[in-house]
Amino acid sequence: MRAVVIENQGPESTLTVGEVEAPSLGADDVRIATRAFAINRGDLMQRKGMYPPPPGASTVMGLECAGEVTEVGADVQGWSVGDRAMALLAGGGYAEEAVVHAGSVMRVPDGMSWTDAAAIPEVFLTVHLTVFQLAAFPDGGTLLVHGGGSGIGTAAMQMVKEVGGRVITTAGSDEKCAQCRELGADVAVNYKEASFAEAVAEATSGEGVDVVLDHIGGAYLDDNLKSLRVGGRLVLIGLMGGARAEISLATVMLKRLQVIGSTLRARPHHEKTAIVTDFQARFGDALRAGRLRPIVDRVLPMAEIEAAHAAMEASTHFGKIVLTI
């Protein structure tokens, strides 16, 4: 089958489309003929040799895809050949075929395009896990999410507004801040020109937010803690701004804060199944009704994978970048 292949893995790696062996099907798996897949920051890290796939996962990049079910494992129930599916993957999305545990697969809503479906699993399930399960975001609460123009940011804003919450976000340009506000953000801060901690204090009358969702890490740690209200939760899902920083334990104690780290890719099948099940129970109706939707910045053919990675690296996109097969 055709798939995206990494040549010279590392900082100077290149991506080409080549032939690889099709993945084998297990008893609990489904095989999907991929119509579209989306890219994520983790793919860029894997390309550079910094984020290897977990044991047993495909070495082909790609954490989400959408397409038709073409084969069903012996122990799988509820899925049939021809069903329209979108899947959360530990790897293997950048290919004509993907094999995934049935618990990580969701049905594509009627009327939804393949490109929209491919842009849903990784970001919406990540937000559901981190903001709503781990951080127990309260209905009507306030979220600070960094990178409002990212796939995670655009998903988080919609999901929080769906439950009646408020959103404060950061972005790297006035244009992206305006797009965030159009999507529903109550406050959008250009982090290159203003302090997000000061903006949070002003927007919340000094109380702070219930939850911070952060992919920056060390560089933002102090201001993230300042931005939390008493009893607030900081969830870390990335380290683009460094893996080390000093922390004021007094602040953590006095404000009764929680600092939570999370990854999704390497979680075992039973945990992913539970996340998918809970997400569909809470947000499935909103997704089917179109109140939640992926924000797709651009759609490219698989042959233009280098251009897609370059766009994400430069952060020229707003929302998701999707490729078609």
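The table that follows gives values for the structure above.
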quantity: Amide H within-cut-off set for residue 188, under 5 Å, with H built and near neighbours excluded; calculated: 169
quantity: Stokes-Einstein translational diffusion, region 123-261 - Kirkwood Rh over all Cα pairs, 0.692 mPa s, 37 °C, in µm²/s; calculated: 226 µm²/s
quantity: Net charge over other residues, Cβ less than 13 angstrom from the Cβ of residue 113 (K, R count +1; D, E count -1); calculated: +2
quantity: Most mobile of 248, 104, 315 in a GNM of the chain (Cα contacts under 10 Å); calculated: 248
quantity: Computed over the chain: relative contact order in percent, which uses C-alpha pairs under 8 Å that are six or more apart; calculated: 18 percent
quantity: Beta bridges per DSSP with both ends in region 78-228, % antiparallel, nearest 5; calculated: 20 percent
quantity: Most fluctuating residue given options 172, 241, 147, as computed from a GNM of the chain linking Cα atoms under 10 Å; calculated: 241
quantity: Inter-site label distance for residue 306 and residue 21 at 7 Å from Cα along Cβ, in nm; calculated: 2.9 nm
quantity: Antiparallel content of DSSP bridges confined to the chain, in %, to 5; calculated: 55 percent
quantity: Inter-label distance for residue 262 and residue 9, nm, one decimal - labels placed 7 Å from Cα along Cα-to-Cβ; calculated: 2.8 nm
quantity: Cα gyration tensor category, rounded, prolate or oblate, for region 120-205 with a/c compared to 1.5; calculated: oblate
quantity: Region 103-173-region 183-198 distance, computed between alpha-carbon centres (Å); calculated: 18 Å
quantity: Over 30 Å between alpha carbons, listed pairs 255/320; 161/320; 48/255; 48/272; calculated: 255/320; 48/255
quantity: Counting all C-alpha pairs of region 6-47, share separated by more than 13 Å (%); calculated: 71 percent
quantity: Theoretical gain in end-to-end length, residue 198 to residue 250 [0.36 nm per residue, Cα-Cα removed]; calculated: 16.7 nm
quantity: Hull volume in cubic angstrom per residue (convex hull over the Cα atoms of the chain); calculated: 125 Å³
quantity: Structure-based [θ]222 nm, the chain - -39500 (n - 2.57) summed over DSSP H runs of at least 4, per residue, nearest 500; calculated: -8000 deg cm²/dmol
quantity: Alpha carbon centroid spacing (whole Å) that separates region 240-255 from region 42-78; calculated: 34 Å
quantity: Hull volume in cubic angstrom per residue (convex hull over the Cα atoms of region 266-325); calculated: 133 Å³
quantity: Separation in nanometres of the label points that stand 7 Å from Cα toward Cβ, at residue 57 and residue 291; calculated: 3.2 nm
quantity: Zone residues, region 224-244, relative to residue 315, backbone N less than 11 Å from point 7 Å out along Cα-to-Cβ; calculated: 240-241
quantity: At q = 0.19, 0.25 Å⁻¹, base-10 log of I(q)/I(0) for region 85-143 (Debye sum, equal scatterers on each alpha carbon); calculated: -0.79, -1.05
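Computed from the coordinates by the stated procedures, all read-outs in this text should not be read as laboratory data. As the structure is a computational prediction, the values presented were derived from the model and not from experiment. All Cβ positions, glycine included, derive from the backbone under ideal geometry; neighbour counts span all protein chains shown.
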